[in-house]
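Note sheet for the following structure.
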Amino acid sequence: MIFIKFIGAIIILTGVIGLFVLGVGLITFLGYWNGNQLNTFPFNVVNPGYKSVLTLSAFTLVFIPITALVIFAIRVLFAHFEVSKTLYFGMLIIWLAGLGIGIYHVSKIGSEFNEEAKFSVKSNLKPSKSFYLKLNPFQFLAKEDSMDYNIDPNDFKGRIILNSRRGEFNLPRNVSFKIEKADIKTPVLIQEFSAKGPDFQTALENAQRAKHRYIQTDSLLLFDGNTHLQKGELWRDQNVDLILRIPTNTTLFIEGTLNRYLEDYSLWDCQPQNAKSDFLSEWIMTSNGLKCKNDSLYSQKRNTAEPLEQF
């Protein structure tokens with residue numbers, strides 16, 4: 001009996017602290033939620049008009065069960081403490097209402113992803129016998145973004161460039177990269193943008209507002225690792241597929257950081273063991289597609305490497 005009361009006391013204490021933290025968290029979160037601080041993924045998936053409603057719904061779904069558990073523990077601890085069934089029934093109704101409202105608004109957000117639209121931008125590149133392909137290490141930040149990097153907003157003037165390998169605003173990976181052989185003299189980069197929306201027209205507009213940057217300096221090509229959304233733009237699965245079309249006998253030096261974006265090829269197959277992420281593997285476009293220039297050398301190293309232990 002003493003042990004049960006001890007457990008009940010712990011539940012009451014923990015529950016009360018939890019309810020207090022929930023209340024403070026709700027007020028704090030609503031302040032940030034309705035400001036500009038939470039315009040990043042995954043918060044930018046939620047429509048602005050749904051933010052407060054979904055927050056209150058989530059709060060209700062957690063607050064009610066904890067309250068019910070605390071009341072039950074009080075009844076166990078104090079035998080003469082009585083709670084009317086009306087209170088329990090009312091709490092159940094509020095909880096079900098919160099659940100229903102949450103499901104309704106989540107389904108409304110889900111309907112924003114019903115249709116997908118695509119469009120492409122074709123750019124001619126400056127011809128070269130060889131290209132160096134690298135991930136762009138620079139990011140352009142707006143004033144609001146400076147807070148994410150602990151930069152004093154009062155000392156932040158205009159836009160800055162930050163040297164960083166970090167993905168932009170923790171967005172999911174939304175860039176893919178293909179390299180194809182083409183019977184052309186001038187290399188071409190095709191950017192195929194896609195996005196989703198409640199209908200095709202809205203999805204197309206979402207795709208058209210997405211931006212992706214590449215920079216060519218002579219034979220050097222720098223690619224951003226993410227699409228860029230405009231300030232306040234909702235995330236609607238904006239993606240860009242990069243297609244680099246080059247003529248045969250073109251040599252490519254590809255940085256290892258691009259491996260996570262590259263399709264159809266693995267840069268690891270053209271690198272020495274334990275190569276650093278910025279290692280430049282050498283490839284050449286043949287009549288049969290892209291081939292590693294030192295494939296025989298690296299294959300021999302891999303074959304002679306010590307085998308991994310089997311578990």
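Structural remarks
- Filter result (without any contact (Cβ under 8 Å) to a residue 24 or more places away in the chain and under 21 Å from Val121 (Cα atoms)) within the stretch 223-279: Gln230
- Here Ile10 passes the criteria (1) of a type in the set (A, V, I, L, M); (2) without any contact (Cβ under 8 Å) to a residue 40 or more places away in the chain; (3) surrounded by 15 or more Cβ atoms within 10 Å (Cβ to Cβ) except the one numbered (3).
- Candidates Val62, Val45, Val106, Val76, filtered to the one that is outside the structural domain of Pro198 (by TED's automatic domain parsing) and at pLDDT below 85: Val76
- From the list Val83, Val53, the one residue that fits, being assigned to a loop (DSSP other than H, G, I, E, B) and either touching a His at 6+ places or on another chain (Cβ under 6 Å) or surrounded by 12 or more Cβ atoms within 10 Å (Cβ to Cβ) (or both), is Val83.
- Criterion violated by Val240 - all others in (1) touching a His at 6+ places or on another chain (Cβ under 9 Å); (2) in a helix (DSSP H, G or I) satisfied: (2)
- Within the stretch 46-64, residues that are in contact (Cβ under 8 Å) with a residue 60 or more places away in the chain sit with their Cβ atoms under 7 Å from residues that are assigned to a helix (DSSP H, G or I) and aliphatic (A, V, I, L, M), at 6+ positions apart or across chains, in these pairs: Val46/Leu54; Val46/Ile109; Asn47/Ile109.
The values are calculated or read from the model by the stated rules, or taken from the named source; none is laboratory data. What you see is a predicted model; the values in this text were computed from it and never measured. Cβ coordinates were reconstructed from backbone atoms using ideal geometry, including for glycine residues, and neighbour counts include every protein chain displayed.
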